[in-house]
1. Quick one: which residues, 5+ away or cross-chain, put their amide H under 5 Å from the amide H of residue 164? H built at 1.01 Å from N.
2. Rank 138, 192, 72 by mean-square fluctuation in a GNM of the chain with C-alpha springs under 10 angstrom and give only the top-ranked residue.
3. Shape of segment 109-263 from its Cα gyration tensor (a ≥ b ≥ c, root eigenvalues): rounded if a/c is under 1.5, otherwise prolate when a/b > b/c, or oblate?
4. Could you list 55, 37, 13 in order of exposure, starting from the residue whose Cβ has the fewest other Cβ atoms within 10 Å?
5. Once phi is turned into θ = phi - 60°, what whole-Hz ³J(HN,Hα) does the Karplus curve with 6.51, -1.76 and 1.60 give for every residue of segment 35-44, x standing for Gly and Pro?
6. Whole-Hz ³J(HN,Hα) for each residue in segment 168-174, computed from phi via Karplus 6.51 cos²θ - 1.76 cosθ + 1.60 with θ = phi - 60°, x for glycine and proline: what do you get?
7. Can you tell me the order of 234-243, 85-94, 254-263 when each peptide is scored by its average per-residue count of other Cβ atoms within 10 angstrom, highest first?
8. What is the distance in Å between the Cα centroid of segment 227-256 and that of segment 107-177?
Amino acid sequence: MAAARRDGRWIGFVPTMGALHVAHISLIEAAKRDDTFVVVSIFVNPTQFGPNEDFKNYPRDETADLVTCRRANVDLVFIPPVEEMYPPESATAVHVSRLTETLCGVGRPGHFDGVTTVVTKLLNIVQPDSAYFGQKDAQQLAVIRRMVRDLNMPIEILDCPTVREADGLAVSSRNVCLNKSQREQATCLYRALNEAKTLIKSGQTDGVAVVDAMRQIIEDADQTSIEYISVVDPASMQPVKRIERRVLIALAARIGKTRLIDNLQVDPRSRLG
Ligand code: PAF
């Protein structure tokens, strides 16, 4: 990497927790298109999982991930051990306020501190010019953008569209945890988001009515339990009561035991999205 830097190459960074799939590949391809020296990190970050969450069972397959990276022409893969990232004496965390207090921040206290701390550490180690994140984790993206601005980090944060299966389910490392029937039920999430979009596009401005319609669709599917469904401002992540401009419709739900998130941005004034 030092040579790439010396040669004036732009360093593009894709931080991941491994179990690489097509959505990660889309981030790598975006970095490649930008003609960067591409660094991928694989680190299942313990500090972003709560005590009752799936850290131990989070899917891991380093061998397959390395093959994926090689095929995608990644220039460097960084796989730090936990002890190196978090030596026992470490005592510092990065906290972004407000943006982390809604949506996933409510049901996963401390989660975003884990994310912002590890992303800061990874950015400091890799020192990229740009870093790539998926729009599926819309709140994470907003939090990281805020952090990079607030801490004057000289890094461009770029986002890539959510990658979906043919039936609309957002691609996620956790999808492998769904059994066949749960996988079928999981399509209710995208159906609910699309219903919200249809309602808003046809003039519904009441955020509560939109959430209720989505709730109905998800509750009608088997083995689902909703953590939250929210219509929020895409910049502040604060709830929107009257939908008059672009909003983020965000949800988190369990299908069986697997927690999935998804979102869609809708602008009532635009014909496109
Ligand atoms: O989105 C993820 O996979 C993780 O939250 C990240 C950004 C790699 C930090 O661990």
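Here, each number is a calculation from the coordinates, and none is a lab measurement. These figures come from a predicted structure and were not determined experimentally. So basically every Cβ, Gly included, is an ideal-geometry build from the backbone, and we count neighbours across all protein chains shown.
1. Amide H to amide H, under 5 Å and 5 or more residues apart or across chains, residue 164 pairs with 171.
2. Taking springs between Cα atoms under 10 Å, the residue moving most is 72.
3. Oblate, because a/c is 1.5 or more while a/b does not exceed b/c.
4. Fewest-to-most ranking of 55, 37, 13: 55, 37, 13.
5. Here the 3J(HN,Hα) series is 6, 9, 7, 9, 10, 10, 9, 10, 7, 7 Hz.
6. So the Karplus estimates, Gly and Pro as x, are x, 4, 5, 5, 8, 4, 7 Hz.
7. 254-263, 234-243, 85-94
8. 18
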